[in-house]
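Data block below; observations after.
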Amino acid sequence: MDPITISLAVGVASKAFEAIKSGFALGRDLEQMSGDLGRWMGASSDIDQAEKQAKNPSVFGKVFGGDSIEAVALQAYAAKKKLEEQRYELKIFLNLTHGPQAYDELLAMEGKIRKQRQETIYKQQKLRQQMLEIVGWVVLTVISGLFIAVIVNVWVKRADADLQPRTFIVRESIND
């Protein structure tokens with residue numbers, strides 16, 4: 001994932017968390033806030049996935065990513081820490097309003113959402129990334145092959161030119 005995607009996920013998580021907090025302040029129950037909880041959990045899952053990808057970048061990402069890998073890793077780490085704070089605050093709200101079992105239920109629901117996202121969204125992203133890497137390697141191989149072919153062609157033409165007998169045309173001038 002790129003830094004923009006991580007920033008968007010943090011923004012979604014923060015907005016959803018604020019909606020959850022205001023819902024608790026207004027006395028809404030969990031069923032009424034399920035959409036906000038789902039958005040927060042989805043964004044949380046996206047940030048966790050970004051951190052996993054930053055820890056294990058692709059070969060192409062290592063070769064051509066350079067500094068961006070470190071930037072993504074730092075941004076994912078900061079986002080994860082922010083989500084940990086939100087998760088802790090959410091745990092306190094749930095424990096105070098619905099008892100300790102409510103947080104366990106929330107964790108179970110979060111696990112289901114993560115598994116679903118893993119099976120659909122992240123699998124598609126990984127496939128897309130692998131396809132782009134294959135295309136990138138093919139293009140790199142073709143360009144390298146063409147470069148080598150041009151060098152060989154120039155070398156062969158020079159070798160042929162060195163082997164050709166040289167003929168000199170002598171022009172005589174006729175002076176009358």
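Across segment 43-50, computed HN-Hα scalar couplings (Karplus, 6.51 cos²θ - 1.76 cosθ + 1.60, θ = phi - 60°) run 5, 4, 5, 4, 5, 4, 5, 4 Hz from first to last residue, x flagging Gly and Pro. Rounded to the nearest whole Hz, the Karplus-based 3J(HN,Hα) values (6.51 cos²θ - 1.76 cosθ + 1.60, θ = phi - 60°) of segment 139-144 follow the sequence 4, 4, 5, 5, 5, 5, with x at glycine and proline.
Computed from Cα atoms, the angle from the helix 67-98 axis to the main principal axis of the chain rounds to 10 degrees. With both labels modelled 7 Å from their Cα along Cα-to-Cβ, the W155 to I143 distance reads 2.2 nm. Assuming a ≥ b ≥ c are the square roots of the Cα gyration tensor eigenvalues, decide whether segment 41-147 counts as rounded (a/c under 1.5), prolate (otherwise, with a/b larger than b/c) or oblate. In terms of gyration-tensor shape, oblate. Against the chain, whose longest principal axis comes from its Cα atoms, helix 3-25 is set at around 10 degrees. Between the C-alpha center of segment 118-136 and that of segment 30-45 there is a gap of 26 Å. When you restrict to C-alpha pairs under 8 Å that are six or more residues apart and normalise by the size of the chain, the relative contact order lands at 21 percent.
Using the rule -39500 (n - 2.57) for each DSSP H run of four or more residues, divided by the residues of the chain, the 222 nm mean residue ellipticity is -28500 deg cm²/dmol. Modelled label positions at Q129 and S22, each set 7 Å beyond Cα in the direction of Cβ, lie 3.5 nm from each other.
Given the pairs K55/K126; K21/K52; K21/K81; K81/K126; K91/K126, which are separated by over 21 angstrom at their Cα positions? Beyond 21 Å: K21/K52; K81/K126; K91/K126.
Rule-based calculations on the coordinates, nothing more; no lab input. The structure presented is a predicted model; accordingly, all values stated were derived computationally and were not measured. Note that we place each Cβ from the backbone using ideal geometry, even for glycine, and neighbour counts take in every protein chain shown.
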